[in-house]
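K.L.:
Mind having a look at this structure? Questions to follow.
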């Protein structure tokens, strides 16, 4: 598969993920893509992120200072968010 085809597929995946996230009420902050990793969509933290963590659909993958970062997969994209870790306040 050539690079143009991979980019085209990634754009389609991002488009589908953004549509589904929007329907769920998430606010989209941005997206990134390079040829070495999954397309990534950044969302604003929402209480629904906690639900995804609780049911095992999402995980926290990094803690940095007073923030923690979560992620889950949707339509072949990595969906990420940042939230203030209130336990450290």
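K.L.:
Just wondering, is there one or more residues in segment 51-60 that are assigned to a helix (DSSP H, G or I) and either at positive phi or in contact with a strand residue (DSSP E or B) (Cβ under 9 Å, 6 or more places away or on another chain) (or both)? Explain how you work it out, then say what you get.
P.N.:
Of the residues in segment 51-60, the ones assigned to a helix (DSSP H, G or I) are 51-54.
So of that shortlist, the ones also either at positive phi or in contact with a strand residue (DSSP E or B) (Cβ under 9 Å, 6 or more places away or on another chain) (or both) come out as 52-53.
Yes, that holds for at least one residue.
K.L.:
Okay, moving on. From the residues in segment 18-37 that are at pLDDT below 95 and in contact with a helix residue (DSSP H, G or I) (Cβ under 8 Å, 6 or more places away or on another chain), which one is surrounded by the fewest Cβ atoms within 10 Å (Cβ to Cβ)?
P.N.:
If we take residues in segment 18-37 being at pLDDT below 95 and in contact with a helix residue (DSSP H, G or I) (Cβ under 8 Å, 6 or more places away or on another chain), then 35 is surrounded by the fewest Cβ atoms within 10 Å (Cβ to Cβ).
K.L.:
Quick check on my filter: what residues within segment 57-84 are in contact (Cβ under 8 Å) with a residue 60 or more places away in the chain and either surrounded by fewer than 17 Cβ atoms within 10 Å (Cβ to Cβ) or within 10 Å of the chain's Cα centre (by Cα) (or both)? Reasoning before the result, please.
P.N.:
Of segment 57-84, the ones in contact (Cβ under 8 Å) with a residue 60 or more places away in the chain are 75-77, 79.
Passing the criteria: 76, 77, 79.
K.L.:
With the requirement that a residue be in a loop (DSSP other than H, G, I, E, B), over 26 Å from residue 7 (Cα atoms) and in contact with a helix residue (DSSP H, G or I) (Cβ under 8 Å, 6 or more places away or on another chain), what does segment 66-89 give you? Walk me through it before giving the result.
P.N.:
To start, the set of residues in segment 66-89 that are in a loop (DSSP other than H, G, I, E, B) comprises 66, 75-76, 85, 89.
Narrowing the set further to residues that are over 26 Å from residue 7 (Cα atoms) leaves 66, 85, 89.
Result: 66, single match.
Matching residues to (1) touching a strand residue (DSSP E or B) at 6+ places or on another chain (Cβ under 8 Å); (2) farther than 26 Å from residue 9 by Cα; (3) part of a helix (DSSP H, G or I):
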{"residue": "22", "(1), (2), (3)": "yes, no, yes"}
{"residue": "29", "(1), (2), (3)": "yes, no, no"}
{"residue": "37", "(1), (2), (3)": "yes, no, no"}
{"residue": "62", "(1), (2), (3)": "yes, yes, no"}
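The values are calculated or read from the model by the stated rules, or taken from the named source; none is laboratory data. In this text, all values refer to a predicted model and were calculated from it rather than measured experimentally. When we count neighbours, we look across all protein chains shown, and the Cβ atoms used for this are built from the backbone with ideal geometry, even at glycine.
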